[in-house]
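Readers should treat all values here as calculations from the given coordinates under stated rules, not as data from a laboratory. Please read these numbers as outputs of a predicted model, since none were measured by experiment. Here Cβ is always computed from backbone atoms with ideal geometry, including for glycine, and neighbour counts include all displayed protein chains.
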Amino acid sequence: MPVTEATAAPNALGPATAPEPRLGAEVRSDGTTFTLWAPAAERVELALIDADRRQHNLDLTHTGEYWTGFVPGVGHGQRYGYRVHGPFDPANGLRFHPAKLLLDPYARAVDGTLDFTSPLIYDSSDGDSAGHVPVGVVVADGAPPPPISRPVPWSETVIYELHTKGFTKLHPDIPEHQRGTYAGLAHPAVIGYLTGLGITSVELLPIHHFLTEPAIAARGLPNYWGYNTLNFFAPHAPYSSAGSTGEQVAEFKAMVAAFHAAGIEVILDVVYNHTAEGGFDGPTLSFRGIDNRAYYRLTHGGVTYDVTGTGNSLNTAHPQVRRLVMDSLRYWVEEMGVDGFRFDLAVTLIRNERHEVDTVNHPFLAEVAADPVLGRVKLISEPWDVGPFGYQVGNFGTPWSEWNGKFRDSVRDVWRTSSYGVQDLAYRLSGSSDLYGDDGRYPYASINFVTAHDGFTLRDLVSYNHKHNEANREDNRDGTDDNRSWNCGIEGETDDRGVVALRKRQMANLMATLVLSTGVPMLTAGDECGRTQYGNNNAYCQDSEISWFDWTLPSLWSDHLALTKKLLALRAAHPALRQWHYFSGQPVVPGGRKDLSWIAPHGGEMTEADWHDGNLRTIGMFLAGDALRGTDAEGNVLTDNSFLLVLNATADAREVVVPDASWAPGYEVVLDTSGSGVTEVEAGAIVPLAPRCVVLLRALS
């Protein structure tokens, strides 16, 4: 099979400022062009792999920093890898080893599994790793999914974080062979559930092709969450119901199309901070054998610099590594149709050559901000990593939104009665202007959440004081001890009716606080219907009933599901409950009402003494519907009902005074998590509040 020098290849995905070749495998009518960036290599062989796993190795042509060649007759579905020759000097960061079959970083699909038990996957062995490692698959370009007909504005966005496999693994209405797959997520039963719930956007835990770490496999467990990426272009093959030689690409696109047809956005949780090759002594599968010194952050002696807790950190201080990330992001938008990204441990991506955090001048931030493709999608950072000065909540600037860890902590603390007063809670309820209001951003920069994939579920948050991770086989050492949870008096599941009732009310309080706060709410799948992980707060390795969505719960927890739907419907119907400008505490028009007023239990506005009362945990938030800073689709000034949101986070009943007739002539009770049965309240009335409750009042005209 001859290989010839490639003709001029098309530019890289998206805008390019130099005639750089398109990397990866590009299918043409009469064959395929293969191009690999490997500037320090001395020789590169393309390994074409037959269905029976036999190999045909062909030398590529070296041009500048690239190795390229055109192979006639090769097309879609062809398995392949690379063998990269060069010096092997690990102490100086050089890890070339032609006996290691390497995955193309730009492969569009991945086939095969990693043999964790084989010493051949490590470059400390001189044996051939072929047959023990995954390989790339040539995928022809195809049409992208149809775009969503109406992109969801940030002010209307409600994110629902879910796991592709776990969400449908037990769904009784999905054909068994499609459960746990992209096709399963696209099933009408799933789409109908999500649209009925009222969410606008699904955030999928990692679907880039990932591997289980050898150390986890040695315990007989998998990497279930997927935060261990091997390839940044390929959809995770085991999530395909149709196959792994390109079928996963088509199935993923079909899933996106189904979500878009229902008006639901698809956001990907992406892990560009590290790869599946682990630390210094990890397997050589792709990047390490192509250019270890470029792709990874290294220290003296060629040791990987780890700020991710995984053994390595991707080196986005290098321009070619940034190109990989940017090409990947644009590919998932332009070719795979996704609508946004949540960047895991995003701070790692903005560390400079000295591994320092640079929130101002890092080129990755500049390239993202200037990119026209990424400018039309949602960008969300997890604004921390585990390295020095890694906690950067509030510091990413435009165009980024951020997971607001302070919202999570503050809301949890308030409802377990361990906060100091309500001052911090007020910031979180009103959009966290202290974090995001000083750099030109809006409240939607705050992705509000109470739970996420890592940590307790909402039900477990009110059922356990301590983690119970024994199933992870690490002697309960893994997972955080900073849960900020309260078990309502009994650890774990119980039949005590009083405790069960209190837990349900606490779940309602937490859900109401999340959905009714200014900013973008993110729900964790199952929190709307009482999903439990039995106290496991780190179920990363639990591909089991511990993690899977139990589809009997929506009927068993119908009351909490109905509450969640009601809250989301209220938020969708009322712009006063999802404002996208920060409040000023001043009238919007001369003589008008303040846009936001904080109401103390005595019925007047909060005083300085109230704000500094460390024992105060009852507060009202008056949102003026005639003081909105926004316009509708026709350009008219938005108006809405006014609302009074009252929270009593104490263990005791409280009497509060609602604002007098100068605010509103009276109020309709829209929501009361205590179920008091009160439907209307007169202006200036004294209202008894049950212990631990949220009440939403709509001002009457």
Quick one: SER662, SER419, fewest Cβ neighbours within 10 Å first, how do they rank?
SER662, SER419
Taking the DSSP beta bridges in region 98-247 as the whole, what percent of them are antiparallel, to the nearest 5?
55
Quick one: of the DSSP bridges fully inside the chain, what percent are antiparallel, nearest 5?
75
If you stretched the chain out fully between HIS602 and ALA254, how much longer would it get, using 0.36 nm times the residue separation minus the C-alpha to C-alpha distance?
119.6 nm
At R0 = 30 Å the Cβ-Cβ FRET efficiency linking GLU545 and ASP481, nearest 0.05, sits at 0.75
Subtracting the Cα-Cα distance from 0.36 nm times the residue separation, let me have the gained length for ASP613 to ALA189 in nm, one decimal.
147.7 nm
With no solvent and one point per C-alpha, what does the Debye sum give as log10 I(q)/I(0) for region 255-337 at q = 0.15, 0.19, 0.23 Å⁻¹?
-0.62, -0.83, -1.05
How high is the FRET efficiency from GLU668 to ARG28, r the C-beta distance, R0 56 Å, rounded to 0.05?
0.25
Pseudo-spin-label distance ALA690 to ASP50, built 7 Å along Cα→Cβ, given in nm, is 7.3
Provide Rg and Dmax in Å for region 492-532, with only Cα atoms included in the calculation.
12.0, 37
Listing ILE619, ILE264 by rising number of other beta-carbon atoms within 10 angstrom, fewest first, gives ILE264, ILE619
Between LYS565 and ALA501, how many nm apart are label points set 7 Å from Cα along the C-beta direction?
2.5
Largest-first principal axis extents, alpha carbons of region 584-699, Å:
47, 33, 24
A student asked for the Cα radius of gyration and Dmax of region 24-137 in angstrom ought to give 13.9, 45
For GLU634 and ASP128, FRET efficiency with R0 = 60 Å and r from the beta-carbon atoms, rounded to 0.05?
0.35
How many percent of the alpha carbon pairs in region 428-540 exceed a separation of 20 Å?
47
The set of residues whose placed amide H lies less than 5 Å from the amide H of TRP384, leaving out same-chain residues fewer than 5 positions away, is LEU345, ALA346, VAL347, GLN392
Distant-in-sequence amide H partners of GLY279 (H built 1.01 Å from N, under 5 Å)
none
Going by how many other beta carbons lie within 10 Å of each one, how would you line up LEU563, LEU345, fewest first?
LEU563, LEU345
State, to one decimal in nm, how far the label point of HIS300 lies from the label point of SER558, with both points 7 Å from Cα in the Cβ direction.
6.9
Over region 24-137, calculate the relative contact order: mean separation of alpha carbon pairs under 8 Å at least 6 apart, over the residue count, as a percent.
24
Net charge, TRP557 excluded, C-beta distance under 15 Å - Lys, Arg +1, Asp, Glu -1:
+1
Given a cut-off of 25 Å, name the pairs among LYS406/LYS467; LYS100/LYS165; LYS253/LYS378; LYS504/LYS594 whose C-alpha atoms lie farther apart than that in the structure shown.
LYS100/LYS165; LYS504/LYS594
Along principal axes, Cα extents of the chain, largest first, whole Å:
88, 55, 50
Quick note, region 22-83: a/c under 1.5 would make it rounded; otherwise a/b > b/c is prolate and the rest oblate (a ≥ b ≥ c, C-alpha gyration tensor); here it is oblate
Of the trypsin sites (Lys or Arg not before Pro) in region 528-603, which ones lie in a loop per DSSP and count no more than 16 other C-beta atoms within 10 Å?
none
Let me have the relative contact order for the chain, percent, based on Cα pairs under 8 Å that are six or more residues apart.
10
Any idea what % of Cα-Cα pairs in region 136-236 are farther than 15 Å?
72
For region 584-699, give the magnitude of the charge dipole about the Cα centre (Cβ charges: +1 Lys/Arg, -1 Asp/Glu; no others), in debye to the nearest 20.
200
